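As structure tokens, the structure follows; a few thoughts come after it.
The values are calculated or read from the model by the stated rules, or taken from the named source; none is laboratory data. Keep in mind that what you see is a predicted model, and the values were worked out from it rather than measured. Counting neighbours? That spans all protein chains shown, and the Cβs are built from the backbone with ideal geometry, glycine included.
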Amino acid sequence: MADFPAADQPAAELCAERVRGCRVYVGVLGTRYGSPVRDKPEVSYTELEFATATEAGLDRLVFLLDTDAADVGIPLSKLIDHEVGVRQETFRRRVRASGVVTQTFTDPATLGQLVERSLRELAERRRLSADGSPGGPVLAAAYRVAGRTDEARDLKPPAL
């Protein structure tokens, strides 16, 4: 939110617009819930970003702070969100259940390595794609459409 320009539009709309303008979503989820969206207080900005990326069909790379690690280099008091921590844990569970493969990290160096490796592998999958679209041969085998049966009938899975 601090990086947003002054704009004559609701914060949620601006945030979603920014996410839709990306080629890939990279989410880093810790244990603190973060700021609720001003005009959608039922979700945090991170939740809104993840939902928008999902709706937009973006590739999603998600990294979770390992809450079971003995030491993550952050004082325990800074990890605990007494006010809305339950909402964050619920969101973390929802992300893990969403079908994306997540990675866990315990320190910034490991996070950096995981992000770099994941972006490189995604770039390689896209490079190998016959038409340059996200997914390509690696994900084409898993292509399927859920719901909207009438509209889905006219769609064709990506070529292998």
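Annotations
- The range 1-38 - residue that is part of a loop (DSSP other than H, G, I, E, B) and of a type in the set (Phe, Trp, Tyr) and, of those, nearest to residue 80 (Cα to Cα): 33
- Test set (1) outside any loop (DSSP other than H, G, I, E, B); (2) modelled with pLDDT of 90 or more; (3) not hydrophobic (A, V, I, L, M, F, W, C) - residue 78 fails condition number: (2)
- Enumeration of residues in the range 78-99 that are within 21 Å of the chain's Cα centre (by Cα) and free of Cβ contacts under 8 Å to residues at least 40 places away in the same chain: 86, 90, 93, 94, 96, 97, 99
Residue-wise test of (1) surrounded by fewer than 11 Cβ atoms within 10 Å (Cβ to Cβ); (2) assigned to a loop (DSSP other than H, G, I, E, B); (3) among the basic types (Lys, Arg); (4) modelled with pLDDT of 90 or more.
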{"residue": "82", "(1), (2), (3), (4)": "yes, yes, no, no"}
{"residue": "116", "(1), (2), (3), (4)": "yes, no, no, yes"}
{"residue": "126", "(1), (2), (3), (4)": "no, no, yes, no"}
{"residue": "138", "(1), (2), (3), (4)": "no, no, no, no"}
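- Pairs are defined by a Cβ separation below 6 Å, a sequence spacing of at least 6 or placement on different chains, a first member in the range 54-77 that is on the phi > 0 side of the Ramachandran plot, and a second member that is surrounded by 13 or more Cβ atoms within 10 Å (Cβ to Cβ); the pairs so defined are 73/107.
- Selected residue (criterion: farthest from residue 122 (Cα to Cα)) from residues of the range 1-59 that are surrounded by fewer than 17 Cβ atoms within 10 Å (Cβ to Cβ) and among the acidic types (Asp, Glu): 8
- No other residue among 109, 70 is part of a helix (DSSP H, G or I) and among the aliphatic types (A, V, I, L, M) apart from 109.
- Scanning the range 42-67 for residues that are of a type in the set (Asp, Glu), within 16 Å of residue 12 (Cβ to Cβ) and outside any helix (DSSP H, G or I) yields one hit, 42.
- Residue 92 of a type in the set (Lys, Arg), touching a strand residue (DSSP E or B) at 6+ places or on another chain (Cβ under 6 Å), surrounded by 14 or more Cβ atoms within 10 Å (Cβ to Cβ) and assigned to a helix (DSSP H, G or I): yes
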